[in-house]
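**Q** My questions will all concern the structure given below.
The values are calculated or read from the model by the stated rules, or taken from the named source; none is laboratory data. What you see is a predicted model, and the numbers here were worked out from it, not measured in a lab. Using ideal geometry, Cβ is built from the backbone for each residue, glycine included, and neighbour counts are taken over all protein chains shown.
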Amino acid sequence: MSREKYLRQAVSMSLAFGLLAAPVWMPADLAAPVRSFSVAEAAAVGAADVVLVGTVQSKLGAGTDWAPADGATIMQPVGNGKYQLKGKLPKGNYEFKVAIGGSWNENYGAGGARDGGNISLKLAAEKEVTFTYDSLSHETTVSYEGMEADQAAAKKAEAAQGRVVVLAGTVQSKAGAQKDWDPGDMATRMKPLGHDTYSLSVDLPAGTYYYKIAVGGSWAENYGLGGNFDGANVQLTLPKAQKVTFYYNDKTHAIADSTSYKLLDAASLPKLSGSFGALKDDTMQDLQLAEFYQQTVELKAGSYEVKVAQKGKKTLTQTVHIKKDGAVTFYYDSKENRLIADDGRISEKQVMHDSWSKAYRVPFEAIKAGSPVTLRLAVGKDEVSNVKAVLYKARITANGGDEYNPDFAAGTKEEYPLTLKESHGGRDFWEVTLRPQENGIYGFTLPDETYLNAVCFWLRAYRGWDVSPEWIVPTLGTVMPAVSDALAALLLVAVCQ
């Protein structure tokens, strides 16, 4: 995690949704990164200056890394709205982005996104590097002599060895790494097993451990609890010393370990067959690392008898109806012994649930436990034959310092069938009425744009507060730990100033 992102989270407030609890927010000027710099450094950067920030800064003459007010790495205009900075960097892994005007208020990262992720750079040898920032697209690119050859060599190595996937966390020092939480230490690099799955076995003493998966030798791309990008740490508690095998799938970003999951050998995996004829590859793979196997087959529209056979289990036989020609992905849930066929008939653009509208949720406001809530889902006309709502209630767990993380996988799950109520405008509308019996965290699991807009609307409608999405910095946790972090960070701001 970048220093900037860590400090932003330190001063943020929790926005966990509960049945009785309202979301809270903090103005952006209080949620800015906590930092300390001299008056001379601040004066060196003008309001329109573009500063290259990151782990490259100290190598390019700056006093420290991640310092947007350090004028040593100001990029110079070269015309056509572009800015450049050239400098020599030693061999190593780096992360960077650009900041405007000497602060974090305006910054651009990967893909030119505002407040975007860090951009990674890996150098196999010392290079004279040119960084170029485009003020129109806000993208920052890198170039150096021999770059194309390095990229070709990296792709060749990746094809042979798989991506650089590293198990990072408190397990690393037990596995031969120099220190814990080092995404660049290859002592805990995971080995490719095929089908985008990687593994690493480690002998561990009894104790509690925390870990994540880092990709590419840095924190620029990492996955945590639930396979979420930049997610919370995964916790592992061992009552006794044992060998643990860690698993990661780079396609689904699922994470598992041998204390609760067994990766089957090829002979034990489910085999798919049917009236569609022989398949070139009939083995179903567990890309979700959850005993939820899948295989994709090219089929013509029609009805087929499909079978799934797995060692030690009764063969499942099911008739499926394929609506259109094309790729069909079959999913086999071995726990529930059921088969799902996805032929792409459901139009994603037609699927709709608007939590802002009473046409989809009644009542709209927060409710007491045990009170009814009616939910609606719109789908394309005649595209589905049945719909069900799956209600997850998170179990709150402590995971590696991110206190009280909502863990939906470890919580409870209830299923409710929806009934078709009406059809109009090219859509079918399905409905169900729920009565959650306990207070808890329900609904949004990721702070995406829809989530932020919903929070702003809720605060405006029910509190009369005019809040902008950029003011909101979600954290993993419940209200009180985040408030505590915010107060502690405000004290740090006062000390630094």
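**Q** Does segment 351-368 contain at least one residue that is touching a residue at least 24 places away in the same chain (Cβ under 8 Å) and touching a Phe, Trp or Tyr at 6+ places or on another chain (Cβ under 6 Å)?
**A** yes
**Q** If only one of Ala366, Ala327 is at pLDDT below 85 and hydrophobic (A, V, I, L, M, F, W, C), which one is it? First the steps, then the outcome.
**A** On the way: Ala327 fails: at pLDDT below 85.
Result: Ala366 is the single residue among Ala366, Ala327 that is at pLDDT below 85 and hydrophobic (A, V, I, L, M, F, W, C).
**Q** Then there is this: Looking at (1) touching a Phe, Trp or Tyr at 6+ places or on another chain (Cβ under 8 Å); (2) surrounded by 15 or more Cβ atoms within 10 Å (Cβ to Cβ); (3) more than 22 Å from Asp185 (Cα to Cα), which one does Asn222 not meet, given that it meets all the others?
**A** (3)
**Q** Residues that are more than 26 Å from the chain's Cα centre (by Cα), at least 3 per element: which strands (runs of 3 or more DSSP E) completely within segment 108-218 meet that?
**A** Values: elements: 119-123, 127-134, 140-143, 165-169, 191-194, 197-204, 207-215.
By residue number, 127-134.
**Q** Any chance you could count how many residues in segment 95-116 are of a type in the set (A, V, I, L, M) and modelled with pLDDT of 95 or more? Walk me through how you get there before you give the answer.
**A** Step one: of segment 95-116, the residues of a type in the set (A, V, I, L, M) are 98-100, 110, 113.
Now restrict to residues that are modelled with pLDDT of 95 or more: 98-100.
Summing the residues that are of a type in the set (A, V, I, L, M) and modelled with pLDDT of 95 or more in segment 95-116 gives 3.
**Q** Leu289: under 26 Å from the mean Cα position of the chain (by Cα), part of a loop (DSSP other than H, G, I, E, B), modelled with pLDDT of 95 or more and more than 30 Å from Gly54 (Cα to Cα), yes or no?
**A** Numbers: under 26 Å from the mean Cα position of the chain (by Cα): yes; part of a loop (DSSP other than H, G, I, E, B): yes; modelled with pLDDT of 95 or more: yes; more than 30 Å from Gly54 (Cα to Cα): yes.
Yes, satisfied.
**Q** Picking from Lys97, Lys122, which residue would you name as being closer than 19 Å to Ala47 by Cα and touching a strand residue (DSSP E or B) at 6+ places or on another chain (Cβ under 8 Å)?
**A** Values: Lys122 fails: closer than 19 Å to Ala47 by Cα.
Just one listed residue meets the conditions, Lys97.
**Q** If you go through segment 394-411 one residue at a time, do you hit one that is modelled with pLDDT under 80, farther than 22 Å from Ser260 by Cα and exposed (fewer than 12 other Cβ atoms within 10 Å of the Cβ)?
**A** So in segment 394-411, the residues modelled with pLDDT under 80 come out as 394-411.
Going one step further and asking which of them are farther than 22 Å from Ser260 by Cα, we end up with 401-403.
Add one more test, that the residue is exposed (fewer than 12 other Cβ atoms within 10 Å of the Cβ), and what stays is 401.
Yes, the conditions are met somewhere in segment 394-411.
**Q** Related question: Can you confirm whether Phe229 is among the aromatic types (Phe, Trp, Tyr) and under 14 Å from the mean Cα position of the chain (by Cα)? Steps first, please.
**A** On the way: among the aromatic types (Phe, Trp, Tyr): yes; under 14 Å from the mean Cα position of the chain (by Cα): yes.
It is true that Phe229 is among the aromatic types (Phe, Trp, Tyr) and under 14 Å from the mean Cα position of the chain (by Cα).
Condition check ((1) touching a residue at least 40 places away in the same chain (Cβ under 8 Å); (2) among the charged types (D, E, K, R)) across all residues:
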site	(1), (2)
Ala69	no, no
Pro77	no, no
Gln84	yes, no
Lys97	yes, yes
Ile100	yes, no
Asn105	yes, no
Gly111	no, no
Leu123	no, no
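**Q** Modelled with pLDDT under 95 and either among the hydroxyl-bearing types (Ser, Thr, Tyr) or more than 20 Å from Val202 (Cα to Cα) (or both), is that true of Met186?
**A** no
**Q** Identify the residue in segment 289-348 that is of a type in the set (Phe, Trp, Tyr) and out of contact with any Pro (no Cβ under 6 Å at 6 or more places or on another chain) and, among all such residues, is surrounded by the fewest Cβ atoms within 10 Å (Cβ to Cβ). Walk me through how you get there before you give the answer.
**A** Just the residues of segment 289-348 that are of a type in the set (Phe, Trp, Tyr), to begin with: 292-293, 304, 330-332.
Of the ones still in play, those that are also out of contact with any Pro (no Cβ under 6 Å at 6 or more places or on another chain) are 292, 304, 330-331.
Values: Phe292: 18, Tyr304: 18, Phe330: 23, Tyr331: 15.
Checked segment 289-348; the qualifying residue surrounded by the fewest Cβ atoms within 10 Å (Cβ to Cβ) is Tyr331.
This table checks each residue for (1) surrounded by 15 or more Cβ atoms within 10 Å (Cβ to Cβ); (2) in contact with an Asp or Glu (Cβ under 8 Å, 6 or more places away or on another chain); (3) farther than 26 Å from Val215 by Cβ.
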{"position": "Val51", "(1), (2), (3)": "yes, yes, yes"}
{"position": "Lys82", "(1), (2), (3)": "yes, yes, yes"}
{"position": "Leu85", "(1), (2), (3)": "yes, no, yes"}
{"position": "Tyr94", "(1), (2), (3)": "yes, no, no"}
{"position": "Gly111", "(1), (2), (3)": "no, yes, no"}
{"position": "Leu121", "(1), (2), (3)": "yes, yes, no"}
{"position": "Lys127", "(1), (2), (3)": "yes, yes, no"}
{"position": "Ser135", "(1), (2), (3)": "yes, no, yes"}
{"position": "Gly146", "(1), (2), (3)": "no, no, no"}
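**Q** State the number of residues belonging to segment 57-72 that are buried (at least 24 other Cβ atoms within 10 Å of the Cβ) and more than 14 Å from Gly101 (Cβ to Cβ).
**A** The qualifying residues number 1.
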